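Here is the structure we will look at, set down as structure tokens.
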């Protein structure tokens with residue numbers, strides 16, 4: 001089985017040296033991506049689902065310890081190796097709670113790399129078939145405080161209002177805020193009092209009503225412009241929310 005690793009460091013030469021000149025294949029690893037900061041690395045982790053992350057500590061946007069914490073929170077199975085300068089060593093030890101499995105001191109030497117990778121190989125890595133259930137089970141235990149909940153939901157509502165005409169899914173929003181899809185669905189419902197898809201449809205219908213009243217556009221055009229992929233579905237949703245069909249609504253309020 002081939003395992004996946006991503007390399008995170010704000011120095012390009014270190015990323016390239018680690019990727020190209022270290023014997024990853026000897027330990028059945030493939031470098032699936034590199035990133036210059038923790039925020040980019042987190043997005044890369046969402047896309048590639050790595051087994052191992054090598055990360056520097058001091059980086060812009062999101063440092064290595066913050067990255068290790070979020071990886072542990074959202075991808076429980078991922079192991080982390082810290083790339084550290086000597087004066088960062090005590091600081092790096094704080095990350096031990098976030099599944100950090102080792103440290104490599106800069107400049108990184110091949111013999112240190114081989115020793116660490118041999119140790120990790122003996123410990124083994126999680127079966128990827130177990131990853132999704134483990135992540136979901138862990139996410140169910142994460143209960144943000146009220147302020148954090150409101151921040152998640154506020155972001156989602158603002159995003160919908162700005163992008164209602166585009167294709168919007170719960171999965172897309174969940175990726176943006178790094179929270180599990182099923183958990184965010186439950187959170188949104190509790191905070192708003194309706195499901196995410198229902199909220200999206202309601203916002204779209206509000207815009208459709210304005211177009212019906214103040215423009216001469218055809219119903220199909222309005223349906224497309226507010227984000228519905230199907231004209232018949234638009235009609236069903238409109239009638240469910242408003243109580244009458246789009247055409248009946250236009251006739252009633254423009255006569």
*Just checking, which of 126, 167, 150 is within 30 Å of residue 237 (Cα to Cα), surrounded by fewer than 16 Cβ atoms within 10 Å (Cβ to Cβ) and modelled with pLDDT under 85?*
150
*From 56, 63, 51, 10, grab the single residue that is out of contact with any helix residue (DSSP H, G or I) (no Cβ under 9 Å at 6 or more places or on another chain) and at negative phi.*
10
*Name the residues in region 98-128 that are in contact with a helix residue (DSSP H, G or I) (Cβ under 6 Å, 6 or more places away or on another chain) and in contact (Cβ under 8 Å) with a residue 60 or more places away in the chain, would you?*
117, 121
*Looking at 214, 183, which one is closer than 27 Å to residue 69 by Cα and assigned by TED's automatic domain parsing to the domain that holds residue 155?*
183
*Out of the residues in region 1-25 that are closer than 17 Å to residue 58 by Cα and out of contact with any strand residue (DSSP E or B) (no Cβ under 8 Å at 6 or more places or on another chain), which is surrounded by the most Cβ atoms within 10 Å (Cβ to Cβ)?*
12
*Would you check if residue 28 is outside the structural domain of residue 173 (by TED's automatic domain parsing) and either surrounded by 16 or more Cβ atoms within 10 Å (Cβ to Cβ) or at pLDDT below 90 (or both)?*
no
*Output the residues belonging to region 188-233 that are under 28 Å from residue 174 (Cβ atoms), surrounded by 15 or more Cβ atoms within 10 Å (Cβ to Cβ) and in contact (Cβ under 8 Å) with a residue 40 or more places away in the chain.*
191, 196, 199, 200, 201, 203, 204, 207, 225, 226, 227
*Scan region 35-44 and give yes if some residue there is at pLDDT 90 or above and within 19 Å of residue 2 (Cβ to Cβ), otherwise no.*
yes
*Across region 50-71, what is the number of residues that are surrounded by fewer than 17 Cβ atoms within 10 Å (Cβ to Cβ) and under 14 Å from the mean Cα position of the chain (by Cα)?*
0
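The values are calculated or read from the model by the stated rules, or taken from the named source; none is laboratory data. Here the structure is a predicted model, which is why all the values come from computation and not from measurement. Please note: Cβ atoms are built from the backbone with ideal geometry, for glycine as well, and neighbour counts cover all protein chains shown.
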